[in-house]
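K.L.:
Next up is a structure, given as structure tokens.
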Amino acid sequence: MLTGKTDYVAEIARLFAAEGLAPHTGPLPGGGWGTHAWLAVAGRDQERAQALFQEHQDSMVRREGLPVCNTAADFDAPETECPACQAKFATAGTDRCPSCGLRFR
Ligand SMILES: [Zn+2]
């Protein structure tokens with residue numbers, strides 16, 4: 001299930017419908033239809049919906065001229081890469097990227 005501002009949820013619902021899925025949407029309790037909503041698809045469509053959603057997110061990032069980077073920092077390794085700025089840094093004793101300041105813990 002996806003939740004978000006109503007306009008964004010409607011955008012994703014249109015994307016899914018255009019790709020042959022049958023999304024269901026509704027208002028979030030207490031939020032009112034004009035503010036936030038939920039979106040769900042049938043279980044059999046979950047993988048396809050997640051792939052379409054990720055593709056949509058990646059295209060938004062590319063449209064802004066930014067690189068698509070779906071990585072996570074590995075703090076079990078002696079050195080890792082920041083998913084935000086791609087700086088490499090030693091993980092021992094730190095919980096922030098020394099380059100951009102992204103906090104990990
Ligand atoms: Zn960083």
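K.L.:
Quick one: how many residues across the stretch 46-74 are touching a strand residue (DSSP E or B) at 6+ places or on another chain (Cβ under 7 Å) and of a type in the set (S, T, Y)?
P.N.:
Residues meeting the conditions: 1.
K.L.:
Name every residue in the stretch 9-47 that is under 19 Å from M60 (Cβ atoms), part of a helix (DSSP H, G or I) and not small (G, A, S), in order of residue number.
P.N.:
The answer is V9, E11, I12, R14, L15, F16.
K.L.:
With (1) within 16 Å of the ligand (Cβ to nearest atom); (2) at pLDDT below 95 as the list, and H36 as the residue in question, which single condition is left unmet?
P.N.:
Here H36 clears every test but (1).
K.L.:
Do any residues in the stretch 86-105 that are within 10 Å of F75 (Cα to Cα) have Cβ atoms under 6 Å from those of residues that are away from the ligand (no atom under 11 Å from the Cβ) and modelled with pLDDT of 95 or more, where the two are at least six apart or on different chains, and which pairs are they?
P.N.:
Here the result reads A90/E79, each pair linking the stretch 86-105 to a residue that is away from the ligand (no atom under 11 Å from the Cβ) and modelled with pLDDT of 95 or more.
K.L.:
OK, next. Residue by residue through the stretch 88-97, note down the ones that are in a loop (DSSP other than H, G, I, E, B), surrounded by 13 or more Cβ atoms within 10 Å (Cβ to Cβ) and either of a type outside the set (S, T, Y) or within 10 Å of the ligand (Cβ to nearest atom) (or both).
P.N.:
Of everything in the stretch 88-97, just one residue is in a loop (DSSP other than H, G, I, E, B), surrounded by 13 or more Cβ atoms within 10 Å (Cβ to Cβ) and either of a type outside the set (S, T, Y) or within 10 Å of the ligand (Cβ to nearest atom) (or both), namely C97.
K.L.:
Another one. From the residues in the stretch 61-87 that are more than 10 Å from the ligand (Cβ to nearest atom) and more than 16 Å from the chain's Cα centre (by Cα), which one is nearest to A51 (Cα to Cα)?
P.N.:
G65
K.L.:
Now for a different question. What is the number of the single condition among (1) modelled with pLDDT under 90; (2) surrounded by 11 or more Cβ atoms within 10 Å (Cβ to Cβ) that P29 does not meet?
P.N.:
In the conditions (1) modelled with pLDDT under 90; (2) surrounded by 11 or more Cβ atoms within 10 Å (Cβ to Cβ), P29 misses (2) alone.
K.L.:
Related question: What are the residues in the stretch 66-105 that are over 30 Å from H56 (Cβ atoms) and in contact with a Leu (Cβ under 6 Å, 6 or more places away or on another chain), if any?
P.N.:
Scanning the stretch 66-105 gives no hits.
K.L.:
In addition: For the list (1) more than 11 Å from the ligand (Cβ to nearest atom); (2) outside the structural domain of H24 (by TED's automatic domain parsing); (3) closer than 30 Å to F16 by Cβ, I need the number of the one condition that D58 fails.
P.N.:
Tallying (1) more than 11 Å from the ligand (Cβ to nearest atom); (2) outside the structural domain of H24 (by TED's automatic domain parsing); (3) closer than 30 Å to F16 by Cβ, D58 fails exactly one: (2).
The values are calculated or read from the model by the stated rules, or taken from the named source; none is laboratory data. All values reported here derive from a predicted model rather than from experimental measurement. Cβ atoms come from the backbone with ideal geometry, glycine included; neighbour counts cover every protein chain shown.
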